[in-house]
Amino acid sequence: MHTTEPSTVPSVDLARYLGTWYEIARLPMRHEPEDYTDITATYSLQPDGTVKVDNRARDGKGEPQQSVGEATVVDGSGNAKLEVSFMPDGLKWVPFTKGDYWILRLDEGYRTALVGSPDRKYLWLLARQPTLAEEVRRDFLDSARAQGYDLAELILTPHTGPGASP
């Protein structure tokens, strides 16, 4: 049991972080069924400075699902810690109505990101493409393990091909 919080990257260039990310892997969560595929998250800056979070997926029947929320940067975190809240109509498969979204690791090119919650219950491996080289995936997941995340239940997210995302 870790008594310290996981460490985040020192700073994030929010403008570079915006855009669409594909979920490569995640820890299970009750609001995001294991049979969901083609999961993406698209981040865009809103006029008030918050970040719109548009999560999309296909459910077990292949039907599109969407959950829209808003992220606010935690002051003093170098944009590496966000607090995300989801609207009541979008709670179908999101693990929290309000939660901590910490960027634990990010490659220089902003192509791969490891995001987790400080309680280590939630973890996402994200990439700009629907696939990720095995050695990169392993390296990022090793970083999560080193920070105390238990990956025994890790789910690898299937992406079923072009045009699959809703």
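Observations, loosely collected:
- Single match in VAL51, VAL94 (criterion: among the β-branched types (Val, Ile, Thr), surrounded by 14 or more Cβ atoms within 10 Å (Cβ to Cβ) and modelled with pLDDT of 90 or more): VAL51
- Sole residue being exposed (fewer than 15 other Cβ atoms within 10 Å of the Cβ), more than 21 Å from TYR149 (Cα to Cα), at pLDDT 95 or above and not charged (D, E, K, R), chosen from LEU18, LEU45: LEU45
- Contact map, the stretch 119-137: residues that are more than 20 Å from GLY19 (Cβ to Cβ) paired with residues that are small (Gly, Ala, Ser) and part of a loop (DSSP other than H, G, I, E, B), Cβ distance under 7 Å, separation 6+ or inter-chain. Pairs shown: ARG120/GLY148.
The values are calculated or read from the model by the stated rules, or taken from the named source; none is laboratory data. From a predicted model like this one, the values you see are computed outputs, not experimental measurements. Counting neighbours? That spans all protein chains shown, and the Cβs are built from the backbone with ideal geometry, glycine included.
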